[in-house]
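One structure is given here, and the rest of the page talks about it.
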Amino acid sequence: MTSPYPILSILGILIVTLTLAAGLIWLERRLLALWQDRYGPNRVGPFGLLQVLADMIKIFFKEDWIPPFADKAVFVAAPAIIVVTVLMSFAVVPVAPGIIVSDLDVGLLFVLAMSSLGVYSVVLAGWSSDNKYALLGGVRAAAQMLSYEVFMGLSLMGVVLLAGSFNLTAIVEAQRNLWFVAPQFLGFVLFLIAGAAETRRLPFDLPEAESELIAGFHSEYSGMKFGMFFVGEYLGVILISCLITILFFGGWLGPVLPPIVWFLIKVMFFIAFFILMRAALPRPRFDQLMSWGWKLMLPLALANLLITGAVVLAWRS
Amino acid sequence: MTRTEAANPVDVVRERCGVEVAAEPARDGIRAFWCPRESIPKVLAYLKDEIDSPYRMLYDLTAIDDRMRVQPNTHSSAFTVVYHLFSFERNEYLRIKTALPPDALSVDSIANLWPAANWYEREVWDMFGIRFSGHPHLQRILMPRSWVGHPLCKDHPARATEMGRFQLPKEKTDAEQEMLRFRPEEWGMRRSTEDSDFIFLNVGPQHPGTHGVLRIVLQLDGEEIVDAVPEIGFHHRGAEKMGERQSWHTYIPYTDRVDYLGGVMNNLAYLTAVEKLAGITVPPRGQVIRVMLAELFRIISHLVWYGTFAQDVGQMSPVFYTFNDRERAFAIIEAICGARMHPNWFRIGGVAADLPQGWDGLVRDFIRYFPPRLIEYDREVLRNRIFKMRTKGIGAFTKDEAIEWGVTGPALRATGFEWDFRKKQPYSGYEQFEFDIPTAKTGDCYDRVLVRVEEMRQSLRIIEQCVNHMPDGPYQSGHPLASPPIKDRTMHDIETLITHFLSVSWGPVMPAGEALGAIEATKGNNGYYLVSDGSTVSYRTRIRTPSFPHMQMLPLLCRGRMVPDLLAILGAMDFVLADIDR
């Protein structure tokens, strides 16, 4: 059931997600400050809400500088890729019944495909900067994405088996009786971890790892091009939170309140959780992260898939 | 073991090495002797490996330019190279001096005997122009390569105004920058092997993980560190040279800024040496005030380290909590001293003023407040599994390696060696306090954390004892060399007024001689080796800092590790750049 007003949906989702991403910057800074016994931005506008606006004005008016040693075309394209791929993913996200841009039957696969493409942004940024720190960051990103993408997809297959569809709306509808987080708890945990890795936030921020690689893959970026990475990261957080909500927590389903409110509440909860994780955890080492992914997460995801498959098969027959 | 049990090294050396050495009494009671230049490697090797209860640590290596002395030493040398050794078995220092004539400024290197000597000899070459033959890489270490002259020579200008106008035309800028380019061949490094090309990654001097202006060049194979070359000197401020211009009294604020996280702890190290020279005994109240403030600063320094170390391994929040607590400790420091990071509060013979009213309430509040916070940090940092993964088994060294490289302080204790100079060679009345020496087992980064965290608890114990048993009486010694002199009699008789006037305007005149004052500072053993020529200023001020040898050990610790481990190792080292470069 595609929305009757596609243009409206596109515009609506675009505006809301971008505003949300900007708001999220404020929210993250305020929440971190709250947990770290300090104030955070509280001067510009009520509760410092306009701080983001001020930052945006600043970043828009910054000199658009490209290092002379960089590979210019790729350098410019890289930040665009991340924003485009994440925004494309939002096209198949059902916010509420009828509020969706394109109700693809392979919605879930589309999201996974887009997030795989998003990695190019980081890798190309690291490569085209012609900077050793950026290169190390890019290499780390490539390796991290490769290993976490694998079980990210696998961890979701349990949900697909239970719902019997790749269509995100159908997956939500299939949770009318029971949220998938209950039968697919392991899948949920695995996806949560993979999702955090996908957004490259602490404890998975190895590609930028401030204390080691200065700013990693985006060391050479400034102005709005840096801003694109920034916004891309927050959009990624929103997307992963949306997906967790849709796949495991019944999407817009909930009593009394209108569906869209339920959806937003659930999404905000997970966004806050991601921020809390950033406040709390240290960063594992590169090789530890990899061996974790391949030796622990992947087998668990496979086991989860096998067991779910067997149970579903037994149930049906 | 006590002194009497082990034989006098001077006699033993004379007997067993067949070297004619001349013993020299010193004001600090440290055994000292002069050794002929040619015999230095032989005598030092004997003292390190063969003598009973050997001197296994090269504590310090420095030099003195004797050419301007008013009272020439017995060997009428142009330069003297001074070696300080330390024996843990004997619990004593040993000073070996060798005289260099003006036409032959060189001595054999002992870098093959002690790896720690490498940087010390480079520093002496840099500062005095004394060559060490056989040194693997005798090059400037603190000054830029383009520097002309050797700064600690007496004929080298001490102030910029004596040096002509500074200009930086473009050619000079380019030349200076070119000089900073790292050339692997100079360090005997290869750019590639058959299998791989190495990346040479320049970490610093501007880098969020180096805690200051430190440069480390990494030779990387992928992300694995093949070798590392730390480059220091960016924070060099000539603290030792300044010591030759400032009066004994006015040099105190400069010490504050050496280990800039240690505050009055630096004053204490310096004054321990000055008071040995002058023969001043600090009255009990002065001593206890000093101990209390020094221990507060130990906590303050460890708190900065705790938070920033967690940040180095990627944990974002603890630094805010620890800085918050540090601020509470600073509130006490500020109430007592009037300043925060650099209180400049200790004086020759005591402290600057008595404790203010209500000080004990402030300290008691902190003693109540702080322990629960430490437990919270334990939960947050020490028990965090990712944190353990990042620090356990990383950057480990053994007790013997530590001694070989001149490591002191918490890093030495983390190897399981219970050695704390507050206990072993008590100063400032530490023998009256009850506290434990925390140790750990494996000497890795995690163990260093454990030791420092426990040290904060022990410091708190000491502070509590200070509050409970603060003695009455004067806070400043009445010794004629104590400075500033006590003023209350000045308006009663003219002699006191004149003495006071001279002592304040010129500063006290220290008797000729030399003294080493070494204390257990926040980061390890911090020592001031002062040479007086019988004047109002020091003839030579040598600052032996713990961070310098610790940093020298870095390549050894990070070879074969990954880039993130380098940050963990650096963080666990707890160094301060001003403490390395002075």
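Test each condition in (1) within 27 Å of B:Gly560 (Cα to Cα); (2) more than 14 Å from chain A (Cβ to nearest Cβ); (3) out of contact with any strand residue (DSSP E or B) (no Cβ under 6 Å at 6 or more places or on another chain) for B:His207 and report the one that comes out false.
Single failed check for B:His207: (2).
From the set of residues in region B:321-332 that are closer than 21 Å to B:Val449 by Cβ and open to solvent by 10 Å² or more (accessible area, probe 1.4 Å), which is farthest from the other protein chains (Cβ to nearest Cβ)?
B:Arg326
Which members of region B:176-213 meet the condition of being crowded, with 16+ Cβ neighbours inside 10 Å and at positive phi?
B:Gly204, B:His211, B:Gly212
Give me the residue from region B:283-320 that is among the aromatic types (Phe, Trp, Tyr) and surrounded by 21 or more Cβ atoms within 10 Å (Cβ to Cβ) and, out of that set, nearest to B:Ile367 (Cα to Cα).
B:Phe297
Results for (1) within 30 Å of B:His479 (Cβ to Cβ); (2) modelled with pLDDT of 90 or more, shown as yes or no for each residue.
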residue: B:Ala335; (1), (2): yes, yes
residue: B:Ala339; (1), (2): yes, no
residue: B:Gly349; (1), (2): yes, no
residue: B:Val363; (1), (2): yes, yes
residue: B:Arg368; (1), (2): no, yes
residue: B:Arg379; (1), (2): no, no
residue: B:Phe387; (1), (2): no, no
residue: B:Thr391; (1), (2): no, no
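Run B:Ile403 past the list (1) under 30 Å from B:Arg559 (Cβ atoms); (2) surrounded by 17 or more Cβ atoms within 10 Å (Cβ to Cβ); (3) within 11 Å of another protein chain (Cβ to nearest Cβ) and report the number of the one that doesn't hold.
Looking at each condition in turn, B:Ile403 falls short on (3).
Among the helices (runs of 4 or more DSSP H) contained in region A:256-317, which hold 1 or more residues that are polar (S, T, N, Q)?
The qualifying helices (runs of 4 or more DSSP H) are A:286-292, A:298-316.
If the Cβ limit is 6 Å and pairs must be 6+ apart or interchain, which residue in region A:114-140 that is more than 11 Å from chain B (Cβ to nearest Cβ) and farther than 9 Å from A:Gly216 by Cβ pairs with which residue that is part of a helix (DSSP H, G or I) and open to solvent by 60 Å² or more (accessible area, probe 1.4 Å)?
From region A:114-140, the pairs are A:Met114/A:Met88.
Residue check: is A:Ile260 under 24 Å from A:Val111 (Cβ atoms), open to solvent by 50 Å² or more (accessible area, probe 1.4 Å) and at pLDDT below 85?
Spelling it out, A:Ile260 is indeed under 24 Å from A:Val111 (Cβ atoms), open to solvent by 50 Å² or more (accessible area, probe 1.4 Å) and at pLDDT below 85.
Got a number for residues in region B:52-77 being open to solvent by less than 10 Å² (accessible area, probe 1.4 Å) and either among the aliphatic types (A, V, I, L, M) or more than 20 Å from B:Arg122 (Cα to Cα) (or both)?
Matching residues across region B:52-77 total 6.
Can you tell me which residues in region B:22-32 are open to solvent by less than 30 Å² (accessible area, probe 1.4 Å) and at pLDDT 85 or above?
Once the filter is applied, which keeps residues that are open to solvent by less than 30 Å² (accessible area, probe 1.4 Å) and at pLDDT 85 or above, region B:22-32 yields B:Ile30, B:Ala32.
A quick yes/no check of all residues on (1) in contact (Cβ under 8 Å) with a residue 24 or more places away in the chain; (2) in a helix (DSSP H, G or I):
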position	(1), (2)
B:Leu152	yes, no
B:Arg165	no, no
B:Asp174	no, yes
B:Leu201	yes, no
B:Thr210	yes, no
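For A:Arg201, which of the numbered conditions (1) over 15 Å from the mean Cα position of the chain (by Cα); (2) outside any helix (DSSP H, G or I) fails to hold?
(1)
Of all residues in region A:31-81, which are open to solvent by 60 Å² or more (accessible area, probe 1.4 Å), charged (D, E, K, R) and away from chain B (no Cβ under 14 Å)?
A:Arg43, A:Lys58, A:Lys62, A:Glu63, A:Asp64, A:Asp71, A:Lys72
Being open to solvent by 10 Å² or more (accessible area, probe 1.4 Å), farther than 30 Å from A:Leu289 by Cβ and without any contact (Cβ under 8 Å) to a residue 40 or more places away in the chain is true for just one of B:Tyr254, B:Tyr260. Which residue is that?
B:Tyr254
In this structure, does A:Val84 turn out to be free of Cβ contacts under 8 Å to residues at least 12 places away in the same chain, away from chain B (no Cβ under 14 Å), farther than 30 Å from A:Ser291 by Cα and open to solvent by 10 Å² or more (accessible area, probe 1.4 Å)?
Values: free of Cβ contacts under 8 Å to residues at least 12 places away in the same chain: yes; away from chain B (no Cβ under 14 Å): yes; farther than 30 Å from A:Ser291 by Cα: yes; open to solvent by 10 Å² or more (accessible area, probe 1.4 Å): yes.
Yes: the conditions hold for A:Val84.
Does B:Ala335 fit the bill of being in contact (Cβ under 8 Å) with a residue 24 or more places away in the chain, in contact with a Phe, Trp or Tyr (Cβ under 7 Å, 6 or more places away or on another chain) and either under 16 Å from B:Ala572 (Cα atoms) or surrounded by fewer than 22 Cβ atoms within 10 Å (Cβ to Cβ) (or both)? Give the derivation first.
Values: in contact (Cβ under 8 Å) with a residue 24 or more places away in the chain: yes; in contact with a Phe, Trp or Tyr (Cβ under 7 Å, 6 or more places away or on another chain): yes; either under 16 Å from B:Ala572 (Cα atoms) or surrounded by fewer than 22 Cβ atoms within 10 Å (Cβ to Cβ) (or both): yes.
It is true that B:Ala335 is in contact (Cβ under 8 Å) with a residue 24 or more places away in the chain, in contact with a Phe, Trp or Tyr (Cβ under 7 Å, 6 or more places away or on another chain) and either under 16 Å from B:Ala572 (Cα atoms) or surrounded by fewer than 22 Cβ atoms within 10 Å (Cβ to Cβ) (or both).
When you look at A:Gln144, is it within 14 Å of another protein chain (Cβ to nearest Cβ) and touching a residue at least 60 places away in the same chain (Cβ under 8 Å), yes or no?
yes
One line per residue, one yes/no per condition, for (1) surrounded by fewer than 22 Cβ atoms within 10 Å (Cβ to Cβ); (2) in the same structural domain as B:Arg368 (by TED's automatic domain parsing); (3) touching a helix residue (DSSP H, G or I) at 6+ places or on another chain (Cβ under 7 Å):
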residue: B:Ile437; (1), (2), (3): yes, yes, yes
residue: B:Tyr446; (1), (2), (3): no, yes, yes
residue: B:Met456; (1), (2), (3): no, yes, yes
residue: B:Leu460; (1), (2), (3): yes, yes, yes
residue: B:Gln465; (1), (2), (3): yes, yes, no
residue: B:Ile486; (1), (2), (3): yes, no, no
residue: B:His492; (1), (2), (3): yes, no, no
residue: B:Thr496; (1), (2), (3): yes, no, no
residue: B:Thr499; (1), (2), (3): yes, no, no
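So which of B:Phe366, B:Phe397, B:Phe387, B:Phe370 is of a type outside the set (D, E, K, R), over 16 Å from B:Ala329 (Cα atoms), open to solvent by less than 50 Å² (accessible area, probe 1.4 Å) and part of a helix (DSSP H, G or I)?
So the residue among B:Phe366, B:Phe397, B:Phe387, B:Phe370 that is of a type outside the set (D, E, K, R), over 16 Å from B:Ala329 (Cα atoms), open to solvent by less than 50 Å² (accessible area, probe 1.4 Å) and part of a helix (DSSP H, G or I) is B:Phe387.
Select from region A:208-233 the residues that are away from every other protein chain (no Cβ under 14 Å), out of contact with any His (no Cβ under 8 Å at 6 or more places or on another chain) and open to solvent by 10 Å² or more (accessible area, probe 1.4 Å) and list them in ascending order.
Taking region A:208-233 as the starting set, the residues that turn out to be away from every other protein chain (no Cβ under 14 Å) are A:217-218, A:220-233.
From what's left, out of contact with any His (no Cβ under 8 Å at 6 or more places or on another chain): A:217-218, A:220-225, A:227-228, A:230-233.
Passing the criteria: A:His218, A:Glu220, A:Tyr221, A:Ser222, A:Met224, A:Lys225, A:Met228, A:Phe230, A:Val231, A:Glu233.
The values are calculated or read from the model by the stated rules, or taken from the named source; none is laboratory data. These numbers were taken from a predicted model, which means no experiment stands behind them. Glycine also receives a Cβ, built like all others from the backbone with ideal geometry; neighbour counts cover every protein chain displayed. Side chains are part of the model used for accessible areas, which takes the heavy atoms of the whole protein and leaves out ligands, DNA and RNA. Shrake-Rupley method; radii C 1.70, N 1.55, O 1.52, S 1.80 Å.
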